[in-house]
1. Find the Cα radius of gyration of the chain, compare it with 2.2 N^0.38 Å by division, and give the number to two decimals.
2. Which one of I96, T159, T43 is farthest out on the positive end of the charge dipole of the chain, using unit charges on Cβ (Lys, Arg +1; Asp, Glu -1) and the Cα centre as origin?
3. With helices defined as uninterrupted DSSP H runs, which ones in the chain have an alpha carbon span along their own long axis of at least 15 Å and mean Kyte-Doolittle hydropathy of at least -1.0?
4. Measure off 7 Å from each Cα along the Cα-to-Cβ vector at E170 and A82, then give the distance between these two points in nanometres to one decimal.
5. Given the C-alpha centroids of region 9-76 and region 122-177, what is the distance between them in whole angstrom?
Amino acid sequence: MSTNSARVNQYAQAVMQAMIERWQEALSAVSAALQNNPQVANTLADQSVSMDERVAALDSILPAGTPSELGNTLKLMVQEGALGLVDELGDALAQINRAESGPVKAEVTSAVDLSAEEQERLISSLRKQYGEQLVFTFHVSPAIMGGLRVRVGDRLIDTSVASRLQTMREALTSVVR
């Protein structure tokens, strides 16, 4: 899982970034088309116009190659009378894109204080696995009895003695029943 996990995360982030950028480009084109063609904008906003006519008007301004999911989202926005939120949707996607490539929280819990050298070795190892974007916090909890509990983003690595004892307890009680 070491280096491969970090590489997979990098590929996944690149895919997400490319998808979001493609949506942003299409949203910008739709926004510009709405500003440059008030007749289409009025048709799309007019709830008395049939949905089929509004969809046809929307299709007339969608750029070639618009992702079908984005087209469906825009049709829903037309139906709900929310097409005026196109620019805000583009801004929200940009914000999400920035957050996706931002730092990832890594929380390390140990039974005793880790020395600076132990912390550095752990930081180095986790950055090799998950990438350089990690931000670390270290906690001490005697309740784990020994070992480490590491949470990186939404992943948990639990090598604590308390966790091992719990696993053994569950295994023994399932055999006894």
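Bear in mind that the values in this text are calculations on the coordinates, not laboratory data. Here the structure is a predicted model, which means the values were calculated and not measured. All Cβ positions, glycine included, derive from the backbone under ideal geometry; neighbour counts span all protein chains shown.
1. Numbers: Rg = 25.4 Å, N = 177, 2.2 N^0.38 = 15.7 Å.
That works out to 1.61 for the chain.
2. Of the listed residues, the answer is T159.
3. On the way: long enough: 2-36 (51 Å, -0.21); 51-61 (16 Å, 0.20); 68-79 (16 Å, 0.10); 86-100 (21 Å, -0.28); 116-130 (21 Å, -1.29); 161-176 (22 Å, 0.42).
Taking the DSSP H segments of the chain (at least 15 Å long, mean hydropathy at least -1.0), we get 2-36, 51-61, 68-79, 86-100, 161-176.
4. Going by the 7 Å Cα→Cβ label model, 3.9 nm.
5. For region 9-76 versus region 122-177, the Cα centre distance is 45 Å.
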